[in-house]
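The values are calculated or read from the model by the stated rules, or taken from the named source; none is laboratory data. Because the structure is predicted, anything quoted here is derived from the model rather than measured. Glycine gets a Cβ as well: all are built from the backbone with ideal geometry, and neighbour counts include every protein chain shown. What goes into the accessible areas is simple: the full protein's heavy atoms, side chains included, and nothing from ligands, DNA or RNA. Shrake-Rupley method; radii C 1.70, N 1.55, O 1.52, S 1.80 Å.
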Amino acid sequence: MRKTLAQRVQVTVQGTVQGVGFRPFIYRLACELALTGWVQNTRNGVVIEVEGSVEAIETFLERLPADAPASACVEAMHTNIIPARGDESFAIVTSAEPGERTLVIPPDLATCQDCRRELVDPQDRRFRYPFLTCTQCGPRYSLLTALPYQRSNTTMAEFRLCSSCRAEYEAEADRRFHAEPIACSKCGPRLCLWDEQGHKVAGGEEALQRATALLEQGLIVAVKGLGGFQLWVDAKSEEAVRRLRGRKRRLEKPFAVLFPSIDAIRDYCLLSPDEEALLCSPQAPIVLARKRRDAALAEAVAPGNPYLGVMVPATPLHHLLMASLQRPMVATSGNRSEEPIVTDEREALVRLNGIADAFLVHDRPIARPVDDSVVLVVDRVPDRLKPEVVILRRARGYVPQVIRWCGDSSDGKEQGPVLAVGGHLKNTVALLTGPRVVLSQHLGDLSTLEADRAFRQAVEDLQRLLKVTPRAIACDQHPDYRSTGFARQLAARLSVPLVPVQHHHAHVASCMAEHRLDGEVLGIAWDGAGYGGDGQVWGGEFLVAGYRQFTRFASLKPFRMPGGEAAMRDPSRSAAAVLWELVGEAIVDLELSDWNMRGSQRGQLAALLRSGVASPWTTSMGRLFDAVASLTGLCVQASFEGQAAMAVQFAAEQEVKVGGVTVEGYPMDLGPSHSPDMKWMIDWRPMISGVLDDLRRSCSPERIAARFHVSLAAATVRVAQAAGLPRVVLTGGCFQNRLLLALVRKRLETAGFTVYSHALVPPNDGGLSLGQAVVAAHSS
């Protein structure tokens, strides 16, 4: 019988492969296949050497990416045949320290099935322990203080392992092998219930029970979760939810709702299999799902909104609370409006004073705020294998996973490091080194001092964790953004170049980067506002763009924003502006039954529009949505960003739902631009004229909204055909609108174009920092 020759292969694996149980998985797989060798964490990923039969090694290489832990992400795998050494066993060896630091930090993950089973098992030593975890789940990024990822570099360092936890931590075959946040009731964090003044009311199990009782009474409890505080209240109590709105000063913006289980969500929402899969994933985001008509929730949870942001428990503490409550609970960010979430219990007593009736806290410090992620699923297209998932807020579960792009320098030198500081709304920051980019968690709007502090901490965080000093700072071109002012100061202090990036170019480059596109594309960037190179407020843009530069190929015909930023909160101002362009002075006496604007108001706005005082020009698609919302009576006053546009979307979806997309769009003219820097302009005036005709014929707002959407989709095809580029990128906040995204994609693909939209970062300003970083990396 011929002896089988042994082969030895070295495997280098890159991606999210540390802190997710990857080495124990490799150990078990190698032992199962009777392979010898070792596995080791390095700064560049995981290195494996396996030795055995050729057949066994081939099986190992096939199963490694296919069977890897769900929380792992294998981005790249390189193999190399090396001389056999004759090892007798397989081992997990100590992590290697030397070398350059790779931009890989593990994200926080929802409680895994094994831990959930232990949580409810009376025979298990972690029965009902609110902080149990293993290599497959639990906090990572939210408690990390330094790299490499090990217990001494986390906020768990102060909790000394008991003998039982130490034995699990050191057992190579145990699923808690090197699970850095591992703990139990003997050696880990503890729960406590405080009253409004911060006095201890109860601890441990009693704290859970008493917090549950308070919530059942309709009171508001601030719960310290994985990445910060949440404000909980009974989602079925109209009075309780309205009380929370009043205290939080959040008038109408929808609240997210936490349910005990997927089955419980089905009683209130129509869930698709794709939405269920997202809810049950290790990321466990908030998913925007369509509400059932008979959903017995307080109307104040999401007033006038056919969708509901739903989630299931993502931590053991949440599982325990919901198992007792067995009812839907509002679980919204623990902050006042426009402020970042609170992470420290003592700070919560100050910042949430007057909002929360009690505080359920624990003594595990949170290193940085990490909010819940929010996603939506665009309806699956029959010929598309995967659903289109749009991330609206990128935070817990997704951050700080590395985004790889096609970053290659012509001179062979690695690009970066570049620090990009994002925009003003939905801020994120990014750090680029070579082909890898790390984005921070969602930081929110930089309109308060608290938000500015959180922004500065995030900038410092990325540089400190990754031990990288940027060689360039990228920012938005808007001179008055807080982020731009900070970037200007930091660039001067570090004596490095400042690279201002045009807002919509950053949007397009962001989508290109996540799809690893190179060369030129037609970028359709539609949003509410972005500082334009000509001093106008852009927002309805068609850019022929690459990373290095862009040209403005087409845009909407400009109209005024009477009152400037006031027009972003008052849709009737945008309506007045488009009517002024259509009928001029006749706007004062124009008869429109659905337009809720008195004659005196019309006169005041007409004076602004006539003079142009405090009324900058804009090409904003967001403001065009506002105009239609106001003219049709769908939204009179907006209390939060995007509310008017959402009303138009929801109305259009009602029409589409009833009869399908059978309506014809309004005409929109594509003609030569009068600007020397732009070739084409889309004249929306015929469309607005058609809207007015429909209103006079008493056409329903739903039908008008649907025709409006169809008009926009048709216009994209005409511009794309004029541009003649085969690849089209869809980006900007308007493409959070799932109906608009689906219609535009379908029209363009039917016309033969290859269409790309966001899948890894938000289409809104949360993705700007990625685009800024890659543009700056290409600047000379």
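Within the straight-line cut-off of under 14 Å between alpha carbons, the aspartates and glutamates reachable from Lys236 are Glu216, Asp267, Asp294, Glu299, sequence neighbours fewer than 8 places apart in one chain being disregarded. The residue among Gly188, Tyr169, Ala235 whose Cα reaches farthest toward the positive pole of the charge dipole of the stretch 167-245, with charges on the beta-carbon of Lys, Arg, Asp and Glu, is Ala235. Find the centroid of the Cα atoms in the stretch 482-510 and in the stretch 673-697, then give the distance between the two in whole Å. When both Cα centres are located, 34 Å separates them.
A simple rule links phi to the HN-Hα coupling: the Karplus curve 6.51 cos²θ - 1.76 cosθ + 1.60 with θ = phi - 60°, which for the stretch 78-93 gives 10, 10, 8, 6, 10, x, 5, 10, x, 4, 9, 8, 10, 9, 9, 9 Hz, with x for Gly and Pro. Roughly what angle does helix 599-611 make with the longest principal axis of the chain, taking Cα atoms, 0 to 90 degrees, to the nearest 10? In the chain, helix 599-611 runs at an angle near 80 degrees to the longest axis.
A helix-only calculation puts the chain at -10000 deg cm²/dmol for mean residue ellipticity at 222 nm, using -39500 (n - 2.57) for each DSSP H run of at least four residues, averaged over all residues. Within a straight-line Cα-Cα reach of under 13 Å, Lys386 can be paired with the following aspartates and glutamates, leaving aside sequence neighbours fewer than 8 residues apart in one chain: Asp274, Glu275.
Please name which of Leu5, Ala454, Gly622 has its Cα lying farthest along the dipole of the chain towards the positive end, using unit charges on Cβ (Lys, Arg +1; Asp, Glu -1) and the Cα centre as origin. Of Leu5, Ala454, Gly622, it is Ala454.
With 10 Å bins beginning at zero, the pair-distance distribution over Cα atoms of the stretch 266-395 amounts to 10, 35, 37, 15, 3, 0 %. Between His78 and Val120, full extension at 0.36 nm per residue minus the direct alpha carbon distance yields a gain of 10.9 nm. On the beta carbon distance between Leu61 and Asp518, with R0 = 25 Å, the FRET formula returns roughly 0.25. The length gained on full extension between Gln463 and Ser689, counted as 0.36 nm times the residue separation minus their Cα-Cα distance, comes to 76.0 nm. Ranking of Arg85, Arg336 by solvent-accessible surface, largest first: Arg85, Arg336 (1.4 Å probe, protein heavy atoms only, all chains present). Remark: the chain carries a charge dipole of roughly 500 debye about the Cα centre, counting +1 on each Lys and Arg Cβ and -1 on each Asp and Glu Cβ.
Computed from the C-beta positions of Arg697 and Cys406, the FRET efficiency with R₀ = 56 Å rounds to 0.60. In this simple spin-label model, placing a label point 7 Å from the Cα along the Cα-to-Cβ direction at both Arg327 and Arg160 gives a separation of 4.5 nm. Considering only protein heavy atoms and a probe of 1.4 Å, how much of the accessible area of the stretch 392-528 is carbon and sulfur, as a whole percent? Looking at the stretch 392-528 in its full context, I get 46 percent from C and S. Please report the relative contact order for the stretch 46-169, taking Cα pairs under 8 Å with a sequence separation of at least 6, and give it as a percent rounded to a whole number. About 19 percent, as a whole number. Using a probe of 1.4 Å, the accessible surface attributed to Asp121 totals some 60 Å² when neighbouring protein chains are kept in position.
The ellipsoid equivalent to the alpha-carbon distribution of the chain has semi-axes of 46, 33, 24 angstrom, derived from the gyration tensor eigenvalues as √(5λ) and listed largest first. Note that the chain presents 39 Å² accessible area per residue, ligands and nucleic acids not counted, probe 1.4 Å.
Taking the Cα centre of the stretch 194-245 as reference, the dipole from Cβ charges on Lys and Arg (+1) and Asp and Glu (-1) amounts to some 200 debye. In this Cβ point-charge picture (+1 for Lys and Arg, -1 for Asp and Glu), the stretch 223-317 has a dipole of about 560 debye about its Cα centre. Sorted on the mean count of surrounding Cβ atoms within 10 Å across their residues, most packed first, peptides 558-569, 463-474, 585-596 read 558-569, 463-474, 585-596. Across the chain, the relative contact order, built from alpha-carbon pairs under 8 Å that are at least six residues apart, equals 11 percent.
Straight-distance candidates among the lysines for linking to Lys426, with alpha-carbon spacing under 24 Å and chain neighbours fewer than 8 residues away dropped: Lys224, Lys248, Lys253.
All alpha carbon pair distances within the stretch 133-284 were sorted into 5 Å bins beginning at 0; the resulting P(r) in whole percents reads 1, 7, 12, 15, 15, 17, 14, 11, 6, 2, 0.
Per residue, the average separation of C-alpha pairs within less than 8 Å and at least 6 apart gives the stretch 298-440 a relative contact order of 13 percent. Exposure check, 1.4 Å probe, all protein chains in place: Ile391 carries approximately 10 Å² of accessible surface. What the phi angles of the stretch 747-755 give under the Karplus curve with 6.51, -1.76 and 1.60, with θ = phi - 60°, is a coupling list of 4, 5, 5, 4, 7, x, 8, 8, 10 Hz, glycine and proline written as x.
Mind running the shape call on the stretch 641-780? Use the C-alpha gyration tensor, a ≥ b ≥ c as the square roots of the eigenvalues: rounded below 1.5 for a/c, prolate if a/b tops b/c, oblate otherwise. Prolate.
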